[in-house]
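Structure first, commentary second.
The values are calculated or read from the model by the stated rules, or taken from the named source; none is laboratory data. Everything numeric in this text was worked out from a predicted model, so none of it was measured. For neighbour counting, all protein chains shown are included, and Cβ atoms are generated from backbone atoms with ideal geometry for every residue, glycine included.
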Amino acid sequence: MKNIIIAIDGFSSTGKSTIAKLLANKYRYMYVDSGAMYRAVTLYAKENNLVGNDFLKKKELISNLKNISLSFKSNIDLGFSEIYLNNKNVENQIRSLEISQLVSKVSAISEVRKKLVNEQQLMGLDKGVVMDGRDIGTVVFPGAELKLFMTASADKRASRRYKELIEKGDNVHFKDILFNVQERDKLDSTRKDSPLVKAKDAVEFDNSDMDIHEQFDKICDLVDHVISEKG
Ligand code: DC
């Protein structure tokens, strides 16, 4: 069976990572959460006082990029990989609302994108990869054999993210999450470098009213079809 690249893009909290993990598991592909990489750089910037609610030390962050090393290590118990920033597991820290509020500023910096896109492309050299993000089908792997574009209403997405954070024990308010989802939609879609847009050849999924099993079945049909065509 031929290995392909599956690129999954879309707005925040559209369930991209849930689908990507299920696909990686079924097809025995490597799963790469590219958003986790932008979040980890943001965490580094926050910890080094290079970004905050009302400031961004862009030049200093750019000159610090060489000190940022990112890697994914598999967690056997969870069944997927977790992200490490300079050899420290930061999987939990990068999911906070504070990092979500800062990440769009950091991910708009072209030098940050260049570094991460390069690392992402290296991970795809042997194919057999499912990667999710905002620019995977347009910039990272424009030649990906299958491209998916996920959407859902902002309200549905904010409810999903709110539930996740509450279950983790974070003290958050729904209105702040909804505001963050809408802000990030705007910033991610309007930034100059690699804005979030649907690739021309991507298949669009609006999953506002679709459960995960229904989506997964439809997507597996697409994957099987592409693999049989290209194989
Ligand atoms: O997928 P996520 O919500 O964890 O991503 C966090 C942020 O990272 C998102 O708001 C925009 C940025 N991002 C990006 O610019 N390009 C990617 N390929 C992935 C994420």
Among the residues of region 31-51, write down those that are touching a residue at least 24 places away in the same chain (Cβ under 8 Å) and over 17 Å from GLU91 (Cα atoms). VAL51
Strands (runs of 3 or more DSSP E) lying entirely in region 66-142 (those with 1 or more residues that are within 11 Å of the ligand (Cβ to nearest atom), farther than 21 Å from ASP54 by Cα and of a type in the set (A, V, I, L, M)): 80-85, 129-133
Kindly evaluate PHE55 against the criterion of being surrounded by fewer than 23 Cβ atoms within 10 Å (Cβ to Cβ) and near the ligand (Cβ under 10 Å from one of its atoms). no
Which residue pairs have Cβ atoms closer than 7 Å, lie 6 or more positions apart in sequence or on different chains, and pair a first residue in region 131-154 that is acidic (Asp, Glu) with a second residue that is more than 8 Å from the ligand (Cβ to nearest atom)? ASP132/ILE8; ASP132/ALA20; GLU145/ILE4; GLU145/ILE5; GLU145/VAL226; GLU145/LYS230
Scanning region 148-157 residue by residue, those over 17 Å from GLY35 (Cα atoms) and either part of a loop (DSSP other than H, G, I, E, B) or within 16 Å of the chain's Cα centre (by Cα) (or both) turn out to be ALA152, SER153
Might you let me know whether region 34-52 holds any residue that is exposed (fewer than 13 other Cβ atoms within 10 Å of the Cβ) and either within 12 Å of the ligand (Cβ to nearest atom) or assigned to a helix (DSSP H, G or I) (or both)? yes
Being farther than 13 Å from ALA40 by Cβ and in contact (Cβ under 8 Å) with a residue 12 or more places away in the chain narrows VAL172, VAL112, VAL103 down to just VAL172
Right, SER17: outside any strand (DSSP E or B), within 25 Å of ALA202 (Cα to Cα), at pLDDT below 95 and within 14 Å of the ligand (Cβ to nearest atom) or not? yes
Checking LYS26, LYS21 in turn, the sole residue that is basic (Lys, Arg) and touching a strand residue (DSSP E or B) at 6+ places or on another chain (Cβ under 6 Å) turns out to be LYS21
Of everything in region 198-227 that's farther than 18 Å from SER17 by Cα and touching a residue at least 24 places away in the same chain (Cβ under 8 Å), which residue is nearest to the ligand (Cβ to nearest atom)? ALA199
Among (1) buried (at least 17 other Cβ atoms within 10 Å of the Cβ); (2) without any contact (Cβ under 8 Å) to a residue 12 or more places away in the chain, where does ILE94 come up short? (2)
